[in-house]
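The values are calculated or read from the model by the stated rules, or taken from the named source; none is laboratory data. These figures come from a predicted structure and were not determined experimentally. So basically every Cβ, Gly included, is an ideal-geometry build from the backbone, and we count neighbours across all protein chains shown. Calculation scope for accessible area: heavy atoms of the full protein, side chains included, ligands and nucleic acids excluded. Shrake-Rupley method; radii C 1.70, N 1.55, O 1.52, S 1.80 Å.
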Amino acid sequence: MDKNKLWKWLLLAFLVVWSLTLVTPLDQKIKLGLDLKGGSSFVLEVDSADVAKKMVEAEEAETVEEISESKLRDKVRLVQEIAVEVIRNRIDVLGTSEPEIYPEGDSRIVVRIPGADAATRAEAKAQMSRDAVLTFKLIHKDGDIWASELAAEGRFPKGYKMGGQDRGVFLIRDMSVPDEELDREFFEQLKKFGGKRADYMLMADRATDGSEIYRPQFVERRKQLGGDTVQNAFVTYDQMTSVPKISLEFDGEGKKIFGRVTDQYGPTPEGVYRQLAIILDDKLYSAPTINEPIYSGRAEISGNFSVVEARRLVNVLRAGALPGRVKIVEERTVAPTLGQASIDGGKQAIIYGGVGVLIFMALYYMLPGLIANLSLVFVLLLLPVGMVVAAGFLGVVSGSLDGGAVGLPTLTLYGIAGIVLTVGMAVDANVLIFERMREEWKVGKSISGAINAGYNKAFSTILDANVTTLLVAVILFWQGSGPIRGFAVTLSAGILVSMFIVLVITRLFFNSLADAKMIKSLKMMSIPGLANISFDFIGKRKIAAIISILVIISTWGLFASKGDANLGVDFTGGTVMSFEFDQKQDADTVKAALAAVGFTSAKADYETDLHGKEFLEVKVGASGEASEPALEAVKALEGNYRDVKNDSVGSQIGEELKTKGIKAIIFALIGIIIYISIRFEFAFAMGAITALAHDVLITVGVYCALGHELSMPIIAALLTIVGYSVNDTIVVFDRIREDLKLEKGKSYKEIANLSINQTLSRTVLTSFTTLLTVVMLLIFGDGAVFDFALALCIGILVGTYSSIFVATPVVLLWHKEEKVK
């Protein structure tokens with residue numbers, strides 16, 4: 001054995017061992033994403049307006065308006081860094097296994113909690129939503145007088161009315177403002193009520209009869225002491241009433257300040273007593289009277305706490321205050337049971353798709369097919385190494401890799417889809433080579449000569465096709481996030497590994513067998529009618545153009561009439577919830593329950609998955625906390641409704657995702673124009689881009705006409721279609737380029753038609769093998785993966801059609817009746 005072959009065998013053995021090391025033992029090395037394992041993910045965003053306000057309070061600026069954009073951006077980034085650690089401390093107390101908390105961009109934080117059940121999810125949201133900003137201020141000395149004056153004038157804040165006199169004026173709710181509207185913004189505006197030189201705040205209390213009342217207080221704006229000096233917090237209970245309270249212990253600096261404040265504002269000789277306002281997250285919890293100086297460094301927060309709320313507040317106080325307010329702008333939840341179903345469906349799709357391709361290749365290509373099947377096994381074996389390399393490569397290219405070791409990426413549902421697609425697309429290069437080998441064998445070359453000529457002539461086509469698909473994967477990773485990035489990594493890994501196996505290792509197999517005289521012939525089957533086909537495809541280009549235009553106009557006319565109904569919550573913002581149940585309530589009952597809590601335009605429909613299980617899907621326009629009443633309304637229905645999936649996207653995130661999706665497609669098209677112009681010529685680039693635009697338009701039009709909504713995974717599918725379609729088109733273009741050198745004196749039209757006929761069997765075969773695996777995703781995939789596979793199926797069929805009837809005819813517009821010299 002020569003040294004060149006020996007090194008290749010050793011390299012293969014090393015890569016196989018490395019790859020197996022990366023994934024064994026499977027249960028420890030392979031990390032499952034939330035869509036497979038179940039759990040919740042949140043995207044939080046630092047509230048820049050709140051950060052600006054806090055900068056003014058800290059006297060870093062006189063007014064919000066004078067804060068420069070760059071200074072605010074730097075401050076937001078600093079807040080983000082601190083908030084990541086604070087939120088990590090808060091989530092850690094929940095006892096969840098391996099939560100992921102990391103910054104994203106300059107202002108966002110991603111929190112992923114695997115295996116979180118409904119209770120853990122609710123607790124996590126509560127922990128993250130609390131600023132835990134504790135401040136100690138003074139009740140204004142004229143506060144009681146001002147409150148009495150307002151009551152005498154009959155002036156009360158909206159949503160409240162006069163309740164009576166009980167140790168001072170107190171108010172009660174009048175429900176003119178619904179509870180859900182009593183949010184942060186409401187209480188921020190409430191501070192201005194009365195027009196005094198202090199903040200108007202309401203402190204919840206209990207009247208002597210036990211009813212809930214609200215005591216108006218005017219709080220001085222100057223902060224006396226901050227929560228950053230709190231060293232410890234714990235729950236205590238009133239000895240008489242057993243009502244929970246929160247006890248605080250200050251650090252050394254806090255003791256000094258607290259002692260000074262209580263000494264300075266203690267009782268005066270004239271008998272004037274001051275009250276200390278204890279405020280947590282802009283809510284006045286208690287206002288104890290300062291009876292004497294307190295040097296012990298201890299304080300208590302009393303209020304109408306439940307035991308759960310008291311413990312929650314203690315946890316966030318211990319974890320520390322967020323330096324700026326954060327808001328949940330995206331939330332996605334998958335129940336563990338649903339994740340297991342996705343794993344089972346993914347396994348079946350991989351097994352049946354892979355077995356289908358193996359059987360077909362063995363039957364159709366015989367011995368070369370068996371070698372191709374062996375190469376597919378090695379592609380799957382080396383995929384872990386490919387994923388590590390691809391993750392590092394994409395991280396560097398997209399600028400998202402901050403350093404450190406690159407490990408095996410988390411496996412997601414779309415990652416499984418990428419593996420299934422890799423099986424189908426890995427066959428593509430083998431088919432190209434085998435068809436070339438068949439041609440060389442037919443003209444009388446030896447076995448070794450046919451093998452080497454087949455590889456050499458197919459190399460440029462394989463390179464061009466895979467580079468354009470890799471370009472699409474890079475753009476997907478750059479513009480995508482979460483599971484979409486997982487798909488991009490898997491797709492890239494499949495491209496890199498399959499190119500290495502097919503171009504290096506499979507060739508090594510062939511050459512070793514040929515050198516050992518173990519290959520006597522290159523017998524292969526052929527598709528009846530395509531072996532020597534000579535159909536005038538170019539002559540039918542006008543008919544094809546009319547068909548394409550009619551399909552685009554009809555489907556996009558329907559698309560326009562449906563408007564935003566074509567878009568999922570990824571792009572419009574809102575919430576989609578899926579529920580399982582024991583006893584079904586009719587859809588009208590569900591809609592009535594939703595309307596009763598303010599969601600009059602909510603959609604509620606029952607759907608059946610591929611396993612025959614029925615789910616209720618509810619879609620509302622609100623997101624985040626605003627959508628919670630809808631969730632609770634459905635869970636309150638008879639029949640034990642349980643939420644198993646929840647996708648909630650804020651309108652800002654939705655708009656950003658829509659922009660990213662459009663940009664991703666545009667960047668992919670521009671990149672392909674540049675690459676094909678360099679490798680071929682501008683006319684070929686225009687042909688390819690026209691075909692790709694045609695494919696995207698028809699795929700989107702038909703997909704939405706079938707009643708499905710566009711989402712980020714569908715954008716990923718469209719980009720995959722772009723990569724696959726240009727792959728098909730490049731094969732035809734490469735043959736045209738080759739024939740232009742061989743067929744002198746013929747017109748461009750004749751050569752183009754000849755090239756399409758020569759590559760037709762390859763086009764049909766690769767489309768078939770890829771469709772075979774994608775159909776398995778359709779059969780065994782649920783929900784979003786089914787939609788993803790459906791878009792791919794439409795796109796593969798349309799892409800096959802356009803590589804024949806659209807791309808090449810457009811190229812001919814630049815070469816009308818031109819003869820090759």
Length gained if Thr289 through Thr236 is fully extended, taking 0.36 nm per residue and subtracting the Cα-Cα distance, is 17.1 nm
Relative contact order in percent for segment 593-737 (Cα pairs under 8 Å, 6+ apart) equals 15
The extension gain from Val17 to Asp282, computed as 0.36 nm times the residue separation minus the Cα-Cα distance, is 89.5 nm
Under Stokes-Einstein, segment 129-224 at 4 °C and 1.567 mPa s, with its Kirkwood radius over C-alpha pairs, diffuses with a coefficient in µm²/s of 91
Longest principal axis of the chain (C-alpha) makes with the long axis of helix 748-780 (C-alpha) an angle, in degrees to the nearest 10, of 50
Among Thr608, Pro293, Val51, the residue whose Cα sits farthest towards the positive end of the charge dipole of the chain, when +1 is placed on the Cβ of each Lys and Arg and -1 on the Cβ of each Asp and Glu, is Thr608
Packing-ranked peptide list from 238-244, 619-625, 798-804, highest mean Cβ count within 10 angstrom first, is 798-804, 619-625, 238-244
To the nearest 10 degrees, the tilt of helix 682-705 (Cα long axis) against the first principal axis of the alpha carbons of the chain is 60
Helix-only [θ] at 222 nm, the chain, -39500 (n - 2.57) per DSSP H run of 4+, per residue, nearest 500, equals -19000 deg cm²/dmol
Once the dipole of the chain is set up from charges on Cβ (+1 Lys and Arg, -1 Asp and Glu), the residue from the list Val79, Ala151, Thr262 lying farthest towards its positive end is Val79
Excluding residues fewer than 8 positions from Lys457 in its own chain, the lysines with Cα under 20 Å of it are Lys442, Lys445, Lys523, Lys741, Lys744
Mean separation of Cα contacts under 8 Å (at least 6 apart) over the residue count of the chain, i.e. the relative contact order in percent, is 14
Packing-ranked peptide list from 726-737, 106-117, 322-333, highest mean Cβ count within 10 angstrom first, is 726-737, 322-333, 106-117
Of the candidates Val243, Phe579, Leu432, the farthest towards the positive dipole end of the chain (Lys/Arg Cβ +1, Asp/Glu Cβ -1, centred on the Cα centre) is Leu432
Rg/Rh of segment 752-821 (Cα atoms, Kirkwood Rh), to two decimals, equals 1.17
Within segment 620-651, the residues whose backbone N lies under 12 Å from a label point placed 7 Å from the Cα of Ala596 along the Cα-to-Cβ direction are 633-638
To the nearest 10 degrees, the tilt of helix 712-742 (Cα long axis) against the first principal axis of the alpha carbons of the chain is 20
One finds, for Glu632 and Val307 with R0 = 22 angstrom and r their Cβ-Cβ distance, a FRET efficiency to the nearest 0.05 of 0.55
Counting only residues 5 or more apart in sequence or on a different chain, those whose built amide H sits under 5 Å from that of Ser286 are Ile278
With N residues in segment 358-477, Rg(alpha-carbon) / (2.2 N^0.38 Å) equals 1.27
Packing-ranked peptide list from 436-444, 470-478, highest mean Cβ count within 10 angstrom first, is 470-478, 436-444
So for R0 = 35 Å, FRET eff. of Asp2-Ser460 from the Cβ-Cβ r, to 0.05, ends up at 0.85
Computed for segment 66-107: size of charge dipole around the Cα centre, +1 on C-beta of each Lys and Arg, -1 on C-beta of each Asp and Glu, debye to nearest 20, value 140
Relative contact order in percent for segment 509-667 (Cα pairs under 8 Å, 6+ apart) equals 28
Looking only at lysines whose Cα falls under 25 Å of Lys71's and that sit 8 or more positions away or on another chain, we get Lys53, Lys54, Lys223, Lys327
Label model pair Asp92, Lys562: point-to-point distance (7 angstrom along the Cα→beta-carbon line) in nm is 4.8
For the pair Leu374 and Lys540, the simple spin-label estimate (label points 7 Å beyond Cα toward Cβ) gives in nm 4.0
Over the chain, with neighbouring protein chains present, the accessible area per residue in Å² at probe 1.4 Å is 44
Of the accessible area of the chain, computed with a 1.4 Å probe and all protein chains kept, carbon and sulfur make up a percent value of 58
dims of the chain, Cα set, principal axes, largest to smallest, nearest Å -> 117, 59, 57
Length gained if Asp183 through Val56 is fully extended, taking 0.36 nm per residue and subtracting the Cα-Cα distance, is 43.5 nm
Between the modelled labels at Asp344 and Glu681 (7 Å from Cα along Cα→Cβ) the distance in nm is 5.8
Long-range alpha-carbon pairs in segment 169-299, meaning those over 20 Å apart, account in percent for 55
